[in-house]
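What follows draws every value from the coordinates through simple rules; no lab data is involved. These numbers come from a predicted model, not from an experiment. Neighbour counts are summed over all protein chains in view; Cβ atoms, including those assigned to glycine, are modelled from backbone coordinates with ideal geometry.
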């Protein structure tokens, strides 16, 4: 008998909510609770969108030029986050090892920049910064048959599930 693993993942680009946007932020939080995902990857977000105590989180470092409280990607997990794993670009991407009810999971979230973003240096040409997405493909080799991938168009989430079984490698070797 085959059992299936079911969990809910959601992504949402919040388009830079304001710290004092009480009405809109409350609507966003209500919608997040209504969707009731196990994992959320929020992009262009703000510390005002706070899912605690129901979720744990890891977030990217602040983007130069954004207002206090803003960041580009926050990963929220209903399950325990064991550790944050360094990414190629900590301003855009975040990665965490999550202890889910059905095994370890490596969750990677990133915001995909807009075409004319000049980057932190202010000198990048249109879409020149796309190389940073090459690092996404380096996640999780070694789990072979126990890997599941989920991709979204506006945000990329790669989830590597290591089913907890005797002899399964721990994900301490993984890098994003």
Expected sort for 23, 32, 5 with the fewest Cβ neighbours (10 Å cutoff) up front is 23, 5, 32
Final fewest-first order of 108, 57 on the 10 Å Cβ neighbour count is 57, 108
If we count other beta carbons within 10 Å of each Cβ, what is the order of 29, 14, fewest first? 29, 14
Have a look at the range 1-109 and give its Rg and Dmax from the Cα atoms, expressed in angstrom. 14.3, 54
Can you tell me the relative contact order of the range 1-126? Whole percent, Cα pairs under 8 Å, sequence separation 6 or more. 19
Based on the Cβ-Cβ distance of residue 5 and residue 33, what FRET efficiency does E = 1/(1 + (r/R0)^6) give at R0 = 30 Å, to the nearest 0.05? 0.80
